[in-house]
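Only one structure is covered here, and it is reproduced in the block below.
The values are calculated or read from the model by the stated rules, or taken from the named source; none is laboratory data. Keep in mind that what you see is a predicted model, and the values were worked out from it rather than measured. Virtual Cβ from ideal backbone geometry, glycine too; neighbours counted across all protein chains shown. Ligands, DNA and RNA are stripped out before the accessible areas are found, and what is left, the full protein with its side chains, is counted by its heavy atoms. Shrake-Rupley method; radii C 1.70, N 1.55, O 1.52, S 1.80 Å.
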Amino acid sequence: MRLAALLPAAAFAPHLPASPAASAITHSGQKTPAANAARAYRFVFSDWLSPLAWSAFAAVTLLWPNQSAGFTDWAYTKELGEGALVLAAIWAVLAFLAGFFVVAERQSSQTGKLTPGARVLAAFSRAAPWITAIAVLLALWEILTAKTGILSPPFFAPPSSLIEVYLEEYVRLLDCSVNTLALLGKGVLWGGVVGFLLGVGIGWSRRIGYWAHPVLRLIGPLPPTALLPLTFFIFPSSHSASVFLIALATAFPVAILTWSGVAGVHKHYYDVARTLGASEWFLIRRVAIPAALPQVFVGLFMGFGASFVVIVVAEMLGVKSGLGWYLTWSQGYAAYPNMYAALILMSLLFSGLISLLFFARDRLLVWQKGTVKW
Amino acid sequence: MVNPTESPALNIPPEEINAAPPEFHARPYWASAIHVQHVSHAFPTPEGTPLPVLEDVCLDIRPGEFVALLGPSGCGKSTLLRLIAGLEPPLSGTIIQDDAPIVRPDPSRIVVFQDPTLFPWRTVRDNVALGLEAQGVLKKESARVDEALLKVGLENFAKAWPHQLSGGMAQRAALARALVNNPKLLILDEPLGKLDSLTRIEMQSELLSLWRKNGFSVLLVTHDVEEALMLAERIVIFSPRPARILSEISVDLSYPRHRDDTVLTALRHEILSRLGLGKNW
Ligand SMILES: Nc1ncnc2c1ncn2[C@@H]1O[C@H](COP(=O)(O)OP(=O)(O)OP(=O)(O)O)[C@@H](O)[C@H]1O
Ligand SMILES: [Mg+2]
């Protein structure tokens, strides 16, 4: 079991009630008798609900026979139930430990800082209501499909069928994910860089603005997907056409928001920098761009959203690989479980990308913390 | 340019001179002289007739001198400072620093604006380092940044973000950002205007001791007659817009000065009456 890895023994050892000698001194140097730690146990209802919910889900899956669906039984029903049981056991252990350590550590450390092990437990506590909700949703899904057949095949499939798809198709799904990511990466990189440079240029230089502004105004509002037939015709391959369209979709919001960010920088900042001896290049690099960066990120978020639309449509219509293509392909073969599997994968990938962008923003814009409410 | 023994007109008591660091005596050799010669300026208006803001202003600042500008709000004081800083060219007349006309901003003349205008995306230390970075000497001279932070008492806030500073601390950081460049002329546009009266008094004496240690020339715009009297060697009074120089008053009083000094009280009456406020006193 993975449990040992999840709960680093060292993090907890000093507090274990079983070893009173070691628990005499906590990390903060305060004396905390072992008896105190034992008494500090707190029963957290929402923590304990999650193993219960997962056990219930396991019971439904294992004990309630599947409705016959006119073909051989759904595969992996037993594995799904057993997996749910294992998870329920993990949640139970975490709920038990969280009741012991999170509260106790919060009380014993003045700084409010927790040891790594207790942080894992605190994270579990925070996530517990969602863990419970997911079990409830999975159980409902399983009941509506496999158990009662209210939602019937081929359009609906039970959760266990997703396991089947992922186990049998993972090579192809992986391949599709890689292709989608590569295409998206190329397009977004080009679009982001070009849009950013264009935005800075328009915001900074009147001459660049004179030429770029009207073009941007005319081409920007066109939905890039409307250009799909045209670009597939002009570009040598559907791949390069898609890169171009994704770049276009990303570049427009990035350019507009970078431009408005640069144009909105307060004149006083430039005055200060100029009296300190700044060159024009320094003003762009060290004043205009950092001041506009929050806006640039807004543009990037919008650009990401637009690029997701374009790539899926492009893959559905012309590109012969990728998750969008997989969606149309599985629909063509009426392989609906495959479609659900691909959709879930896509949602995880795209939300992962957005999280990455959030992470980058949080790193680059630490200075905004405390000045604005995100 | 100027012999240290004959200038500037600082009537420092002997014990004060002994207390001052050695570089104090060197200041007149390198501090800047400014000559504002018949400068007039106007701003374009939507109606087409330009708005005259400065009218034939002549003003000389000797090296190491502390000059204060007083005048009604909106008369054109900040405009004059912007011209001297080199941020804008005057419509007519010339402004000369030492022997060369001022045509563009230069780190030898540093402005501290009424707002601290710290860059919110830089830590306090990086804000103070801005000038050295812009001049491309940060690597060599980074010790000066810490020195400047020490001078204004912000050494423990080097890594803080500007929004974590109080108003007075932010203004001190802006002062450090100016001082780190070893300016020959420090241009201060109501730098203490927004501070509460206690912090203000504290900052005034800090400013005074910085000036006396470093020896740069200072041009200070203020709304506060008492502040001008406490700090400046010479006070220049402007008319309402368009600004003309109405009169100049020398404050021949040694430092540190005392607020209730009878000479200062008399001068305050004098200045207020020249500003047209005599009756209120
Ligand atoms: N960039 C500008 N464009 C047009 N008019 C301006 C500009 N800057 C200043 N003015 C005008 O010039 C006049 C003088 O402005 P200035 O800022 O120099 O006044 P001030 O003496 O510093 O006033 P205060 O003491 O209130 O700061 C004002 O009437 C103002 O409206
Ligand atoms: Mg002003």
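Figures for the structure shown
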item	result
Hits in the stretch B:125-137 - residues which are at the interface with another protein chain (Cβ under 9 Å from one of its Cβ atoms) and either aliphatic (A, V, I, L, M) or open to solvent by less than 30 Å² (accessible area, probe 1.4 Å) (or both)	B:130, B:131, B:132, B:134
All positions within the stretch A:302-345 that are surrounded by fewer than 20 Cβ atoms within 10 Å (Cβ to Cβ) and under 13 Å from residue A:238 (Cβ atoms)	A:313, A:316, A:317, A:318, A:320, A:321
Residue count, the stretch B:49-71 (criterion: surrounded by 17 or more Cβ atoms within 10 Å (Cβ to Cβ) and more than 28 Å from residue B:209 (Cα to Cα))	4
Extreme residue, farthest from ligand 2 (Cβ to nearest atom), among residues of the stretch B:77-92 that are open to solvent by 10 Å² or more (accessible area, probe 1.4 Å) and within 15 Å of residue B:242 (Cα to Cα)	B:92
Considering residues of the stretch B:138-189 that are part of a helix (DSSP H, G or I) and of a type in the set (S, T, N, Q) only, the residue surrounded by the fewest Cβ atoms within 10 Å (Cβ to Cβ)	B:156
Residue that is open to solvent by 50 Å² or more (accessible area, probe 1.4 Å), assigned to a helix (DSSP H, G or I) and on the phi < 0 side of the Ramachandran plot, where the choices are A:252, A:282	A:252
Residue B:87 vs. criteria within 14 Å of chain A (Cβ to nearest Cβ) and either in a loop (DSSP other than H, G, I, E, B) or closer than 20 Å to residue A:275 by Cβ (or both)	yes
Per-region count, the stretch B:41-76, residues within 16 Å of ligand 2 (Cβ to nearest atom) and not in a strand (DSSP E or B)	6
Subset of the stretch B:96-109 that is within 12 Å of chain A (Cβ to nearest Cβ) and open to solvent by 50 Å² or more (accessible area, probe 1.4 Å) - its residue that is nearest to ligand 1 (Cβ to nearest atom)	B:104
Whichever residue in the stretch B:232-281 is outside any loop (DSSP other than H, G, I, E, B) and within 16 Å of ligand 2 (Cβ to nearest atom) and, among such residues, is nearest to residue B:57 (Cα to Cα)	B:243
Any pair with Cβ under 9 angstrom, 6 or more apart, that starts in the stretch B:78-95 at a residue that is farther than 16 Å from residue B:60 by Cα and within 15 Å of ligand 1 (Cβ to nearest atom) and ends at one that is part of a helix (DSSP H, G or I) and open to solvent by 30 Å² or more (accessible area, probe 1.4 Å)	B:87/A:274; B:88/B:82
Count of the stretch B:188-224 residues which are touching a residue at least 60 places away in the same chain (Cβ under 8 Å) and within 16 Å of ligand 2 (Cβ to nearest atom)	11
Search result, residues across the stretch A:285-301 that are within 11 Å of residue A:258 (Cβ to Cβ) and open to solvent by 50 Å² or more (accessible area, probe 1.4 Å)	A:295, A:298
Qualifying residues in the stretch B:110-124 (those that are touching a helix residue (DSSP H, G or I) at 6+ places or on another chain (Cβ under 6 Å) and more than 7 Å from chain A (Cβ to nearest Cβ)) - the one most open to solvent (accessible area, probe 1.4 Å)	B:116
Positions within the stretch B:11-50 being modelled with pLDDT under 50 and touching an Asp or Glu at 6+ places or on another chain (Cβ under 8 Å), in sequence order	B:11
Any hit, the stretch B:150-163, residues being within 9 Å of chain A (Cβ to nearest Cβ), of a type in the set (Phe, Trp, Tyr) and under 23 Å from residue B:198 (Cβ atoms)	no
Residue match in the stretch A:290-312 (condition: of a type outside the set (Phe, Trp, Tyr), without any contact (Cβ under 8 Å) to a residue 24 or more places away in the chain and more than 10 Å from chain B (Cβ to nearest Cβ))	yes
Qualifying residue in the stretch B:59-76 (condition: among the polar types (S, T, N, Q) and modelled with pLDDT of 90 or more)	no
Leading residue by the ranking (surrounded by the most Cβ atoms within 10 Å (Cβ to Cβ)) among those in the stretch A:262-273 that are of a type outside the set (A, V, I, L, M) and touching a helix residue (DSSP H, G or I) at 6+ places or on another chain (Cβ under 7 Å)	A:269
Qualifying residue in the stretch A:140-161 (condition: farther than 30 Å from residue A:338 by Cα and open to solvent by 10 Å² or more (accessible area, probe 1.4 Å))	no
